[in-house]
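As structure tokens, the structure follows; a few thoughts come after it.
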């Protein structure tokens, strides 16, 4: 009987050793690999979802890029190389006359220079009705030069007849005529 108990003990020990060996050499490495594969799969699924979302945004981004490129072309066209202000002053005066504005004054300030982009501040003063002044501003916006209005004020006349005085400080931009040295 004792011998049978020893055989049973040997079988139990061998079975325990086989199970421990299986767990140690097969199950744990495979479970780690399975976890790593699941994590990689989750990361890849997340990346694919992000890529899909970005792919859906591409048509909108292309449309926005097209609009920005057109605006950039218009911007470049509105920035001539060199000052060429005599024609611009005449255009502003013509626009003021076209809208029948009175007490006209367009006065340039000191030029501000930088390596690539220069500007000249100008003071614009005139008087007229609100419709005339706003039509004048719309016409200024449509000129072939980039003019940015920095300060703008309207004053009512003392008799409140609807006649307004406009004071505006603006900047007229142009590209430097010197070649790039960069």
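Can you name the residue in segment 31-85 that is within 30 Å of residue 174 (Cβ to Cβ) and more than 30 Å from the chain's Cα centre (by Cα) and is also modelled with the lowest pLDDT among such residues?
Once the filter is applied, the top-ranked residue is 84.
Among the residues in segment 108-128, are any assigned to a strand (DSSP E or B), exposed (fewer than 13 other Cβ atoms within 10 Å of the Cβ) and at pLDDT below 90? If you could, list the steps in order and put the result at the bottom.
Start the filter on segment 108-128 by keeping residues that are assigned to a strand (DSSP E or B), which leaves 108, 112, 117-128.
Checking which are exposed (fewer than 13 other Cβ atoms within 10 Å of the Cβ) leaves us with 112.
With at pLDDT below 90 added as a condition, the list becomes 112.
Yes.
Being surrounded by 12 or more Cβ atoms within 10 Å (Cβ to Cβ) and not in a strand (DSSP E or B) is the filter; apply it to segment 153-176 and report the residue that is modelled with the lowest pLDDT.
Of the residues in segment 153-176, the ones surrounded by 12 or more Cβ atoms within 10 Å (Cβ to Cβ) are 154, 156, 163-176.
Next cut, not in a strand (DSSP E or B) only: 163, 176.
Working: 163: 87, 176: 74.
By that ranking, first place goes to 176.
Taking the conditions exactly as written (under 24 Å from residue 71 (Cβ atoms), within 26 Å of the chain's Cα centre (by Cα) and part of a helix (DSSP H, G or I)), does residue 92 satisfy them or not? It would help to see each step written out before you state the result.
Details: under 24 Å from residue 71 (Cβ atoms): yes; within 26 Å of the chain's Cα centre (by Cα): no; part of a helix (DSSP H, G or I): yes.
Judged against the criteria, residue 92 is not a match.
Just the residues that are exposed (fewer than 13 other Cβ atoms within 10 Å of the Cβ), at negative phi and modelled with pLDDT of 90 or more, please, taken from segment 95-107.
Passing the criteria: 97, 98, 102.
Can you report the number of residues in segment 129-151 which are loosely packed, with under 14 Cβ neighbours inside 10 Å, touching a residue at least 12 places away in the same chain (Cβ under 8 Å) and more than 25 Å from the chain's Cα centre (by Cα)?
1
The values are calculated or read from the model by the stated rules, or taken from the named source; none is laboratory data. Just so it is clear, the structure is predicted and the values come from calculations on it, not from any experiment. Positions of Cβ are backbone-derived with ideal geometry, glycine not excepted, and every protein chain shown enters the neighbour counts.
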